[in-house]
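One structure below.
None of the figures in this text is laboratory data; all of them are computed from the coordinates on show. Quantities reported herein were computed from a predicted structural model and do not represent experimental measurements. Don't worry about glycine lacking a Cβ; one is built from the backbone with ideal geometry, like all the others, and counts go over all protein chains shown.
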Amino acid sequence: MIRLLVAALMLLPAGGALARPAPRGAKSAGKGALRRWPAVQLDHLTTHERYQLCPDAAGHLPRRQLQGLRRFLRCHHTGRVHSIESRLPQLLYTVSHHFGDRAITVIAGYRAPKIALEKGNPRSPHKQGRAVDFRIEGVQLSDLRDYLLRAFDKVGVGYYPNSGFVHLDVGRKKRVSWIDYSHPGERSRYSPESATPPDADAVEADE
Ligand SMILES: [Zn+2]
């Protein structure tokens, strides 16, 4: 079982910048009624598949959720399936919940090594199953970016305003962010004004 709630709370910095999201649709009627965490829908832009993250009553994502997610986030170029870092769906759920349980549109998840190489990012975190590119319809991309930077530590956050998505990866020693003004299909055009100029670590993270 993935300890979603515990993991979310562990993200709290000393100052408590990330408030625990209030569960929507919580059942409060009746003695002993369980708090219910709503399902979050993921829509894949390329495969047009849908997947729901469905925490149990305690807010945990069952193990079978990760197994199904592996296939949903497979490399859409090759069909190859890879393991996915368990923190990634936890954060995706937290993000969706913060923005009113809106569906998440996934642009890319896992990326096969040869695809990462073709894109010029052989060390891409997408290749390791610890990155996802996404957006939320109805949410300003900059608001989404700002929330990711405010809420999560030890993540990579890429802002792609001309391609219409944000990149989120986990498993870093510290938070890193960058802006890439490239349009779809173009080579990266990093902004010199990025809060953290894309260093070698950040450059791993392609679109
Ligand atoms: Zn990416």
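Run the Debye formula on the Cα coordinates of the range 128-185, all scatterers equal and no solvent, and tell me log10 I(q)/I(0) at q = 0.23, 0.24 1/Å. Those come out to -0.90, -0.97, one per q. What the Cβ-Cβ distance of E186 and E118 gives, at R0 = 22 Å and to the nearest 0.05, is a FRET efficiency of 0.90.
For a distance above 22 Å, tell me the whole-number percent of Cα pairs in the range 48-167 that qualify. Within the range 48-167, distances greater than 22 Å cover 33 percent of Cα pairs.
Evaluated at q = 0.15, 0.27, 0.29 Å⁻¹, a Debye calculation over the C-alpha positions of the range 82-147 (equal weights, vacuum) places log10 I(q)/I(0) at -0.53, -1.12, -1.20.
In this rough spin-label picture, where each label sits 7 Å from Cα along the Cβ direction, the S83-A39 distance is 2.7 nm. Sorting T47, T105 from the fewest to the most surrounding beta carbons within 10 angstrom yields T47, T105.
Subtract the Cα-Cα distance of L149 and K174 from 0.36 nm times their separation in residues, and report this length gain in nm to one decimal. If you can, show how the numbers build up before the last one.
Values: separation 25, 0.36 × 25 = 9.00 nm, distance 1.14 nm.
Stretched fully, the L149-K174 segment lengthens by 7.9 nm.
A DSSP coil position with no more than 15 other Cβ atoms inside 10 Å describes the following trypsin sites (Lys or Arg not before Pro) in the range 65-107: R80. Here K127, K154 are placed in order of increasing Cβ neighbour count within 10 Å, fewest first, which gives K154, K127.
Tell me, H167, H97 in order of fewest to most beta-carbon neighbours within 10 Å? Before the final figure, lay out the partial values.
Details: H167 29, H97 22.
If I rank by nearby Cβ atoms, fewest first, I get H97, H167.
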